[in-house]
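Throughout, read-outs are computed from the coordinates displayed, never taken from laboratory work. Here the structure is a predicted model, which is why all the values come from computation and not from measurement. Quick reminder, even Gly has a Cβ in these numbers, built from the backbone with ideal geometry, and neighbours come from all protein chains shown.
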Amino acid sequence: MITGKNVLLRSWKEGDLALLRDMRNDVSLQAQLLARPRGSDENQVREWLKGFSGANDSFIFILADPADDTALGFLQFKNTDFVSRNTELGVCLASSAQGRGIGSEVLALASAYMRDTWGLGKIWLKVRDDNTAAIKCYEKAGFKHCGKLSNHVFISGAWHDVALMELFLS
């Protein structure tokens, strides 16, 4: 477990499944995550978590309230390259947890963990270029724009550009 002032990064547990199911079925939230809802039930969410947890190149943390351990969202690292020392970040906060500064704290805790525990030198991410709240949070955490994929994803009947961002940890 990684403990911050306003958030915990911990492993998943059965009590988290309902929130994660709701998040994975939220059409507008999934569109912001460059994904589409899959009609997930709790069993499918459990299998997703097990698969992610068991992969050699991935990490997943539940973001939780330190006061009562209630799940607030999740953080994932995937496509981790331990030779080139980089990983792809994905973060998702429930709407009730947004706008409270938790995202900035999550990024700081996660960056320190990947640098200090795994020796990684860079975290990179993809974000819809119209997701201004997320981009501002990433910029505040030190992420820099490093590219753009034009008309890259087709979601909700429209093409969307994707911004690429990176943070050097060393």
With bins of 5 Å, the percent of all Cα-Cα pairs of the range 1-156 per bin from 0 is 2, 9, 18, 22, 22, 18, 8, 2, 0
Which of Lys13/Lys140; Lys78/Lys148; Lys13/Lys122; Lys5/Lys50; Lys122/Lys148 exceed 23 Å between C-alpha atoms? The answer is Lys13/Lys140; Lys13/Lys122; Lys5/Lys50
Quick calc, Glu14 & Glu139: beta-carbon distance into FRET formula, R0 41 Å, rounding 0.05, result 0.70
Summing -39500 (n - 2.57) over every DSSP H run of at least 4 in the chain, dividing by its residue total and rounding to the nearest 500, the 222 nm mean residue ellipticity is -9500 deg cm²/dmol
Note, the range 74-79: 3J(HN,Hα) by Karplus (6.51, -1.76, 1.60, θ = phi - 60°), whole Hz, Gly/Pro = x, goes 8, 10, 10, 10, 9, 6
Karplus-derived 3J(HN,Hα) from phi for the range 117-123 (6.51 cos²θ - 1.76 cosθ + 1.60, θ = phi - 60°), whole Hz, x at Gly and Pro, runs 8, 10, x, 6, x, 8, 10
Between Asn151 and Lys5, Cβ-based FRET efficiency (R0 41 Å, step 0.05) works out to 0.50
Here the range 61-68 yields Karplus 3J(HN,Hα) values (6.51, -1.76, 1.60; θ = phi - 60°; whole Hz; Gly and Pro given as x) of 10, 8, 8, 10, 6, x, 6, 9
Inter-part gap, Cα centre of the range 103-155 to Cα centre of the range 1-67, in whole angstrom, is 18 Å
Given backbone amide H placed at 1.01 Å from N, residues whose amide H is under 5 Å from that of Gly4, ignoring those fewer than 5 places away on the same chain, are Leu9
